[in-house]
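The values are calculated or read from the model by the stated rules, or taken from the named source; none is laboratory data. Note that the structure is predicted; figures quoted are calculated from it, not measured. Here the Cβ positions follow ideal geometry from the backbone for every residue, glycine too, while neighbour counts run over all protein chains shown.
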Amino acid sequence: MLNNLGLIHTQEERWEQAVEAFNKARTTFESLEDKDGQAHALGNLGDMYRHQGDKETSVEYLKEAANLFHETGDWEKETTTLRVISRIRLGQARWFEALHFYDLSLACVKPPGLKERILQRLVQIPLNMLSPPQ
């Protein structure tokens, strides 16, 4: 319910109340050792900051959420979260990071289909060109 309350506050642009609700939800989920719930609360915080225009804070929370989704084995939510990060970086003209997070999102798909395998190969071309030589 706290997560839902945070979403309502976000829609109403009541940022302080949204942060408070999401943080309470996160704390509750942590005490219950519910990583999926924690990931949802963190993802909602990230989304709220994105709506506020604070892209850097948004990305930090979304990265934490993606890591927790990874730990729970929920590759669909992990993929979705990584793609949101990729879109944020794309909107900031941070091409390398956008490609990096999109590539990570493709690697989450289990089992990867033909589309994912082709996209992975295509994304690797500019990533390899932009990476410093080792």
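If only one of Arg50, Arg83, Arg26, Arg89 is of a type in the set (Lys, Arg), within 22 Å of Arg117 (Cα to Cα) and in contact with a helix residue (DSSP H, G or I) (Cβ under 8 Å, 6 or more places away or on another chain), which one is it?
Working: Arg50 fails: within 22 Å of Arg117 (Cα to Cα); Arg26 fails: within 22 Å of Arg117 (Cα to Cα); Arg89 fails: within 22 Å of Arg117 (Cα to Cα).
After applying the criteria, what remains is Arg83.
Might you let me know whether the stretch 39-60 holds any residue that is over 23 Å from Ile8 (Cα atoms) and of a type outside the set (D, E, K, R)?
no
Quick one: which helices (runs of 4 or more DSSP H) sit completely within the stretch 1-113 and have at least 1 residues that are over 23 Å from Leu127 (Cα atoms) and of a type outside the set (S, T, N, Q)? Lay out the reasoning, then the answer.
Details: elements: 2-11, 15-31, 35-52, 55-72, 75-91, 95-108.
It comes to 2-11, 15-31, 35-52, 55-72, 75-91.
Taking the stretch 1-33, which residues are closer than 19 Å to Glu71 by Cβ, surrounded by 16 or more Cβ atoms within 10 Å (Cβ to Cβ) and out of contact with any His (no Cβ under 7 Å at 6 or more places or on another chain)? Listed by number, the residues that qualify are Ala25, Arg26, Thr28, Phe29.
Against the conditions (1) over 19 Å from Ile8 (Cα atoms); (2) surrounded by 19 or more Cβ atoms within 10 Å (Cβ to Cβ); (3) not hydroxyl-bearing (Ser, Thr, Tyr), Trp75 satisfies every one except (2).
Here Lys115 meets the list (1) over 12 Å from the mean Cα position of the chain (by Cα); (2) closer than 21 Å to Met1 by Cα almost entirely, failing just condition (2).
One residue is enough: does the stretch 62-71 have a residue meeting the conditions of a type in the set (Phe, Trp, Tyr) and surrounded by 23 or more Cβ atoms within 10 Å (Cβ to Cβ)? Scanning the stretch 62-71 turns up at least one residue that is of a type in the set (Phe, Trp, Tyr) and surrounded by 23 or more Cβ atoms within 10 Å (Cβ to Cβ). Could you say whether any residue in the stretch 39-50 is at pLDDT 90 or above, surrounded by fewer than 19 Cβ atoms within 10 Å (Cβ to Cβ), closer than 25 Å to Met1 by Cβ and of a type outside the set (S, T, N, Q)? No: zero hits.
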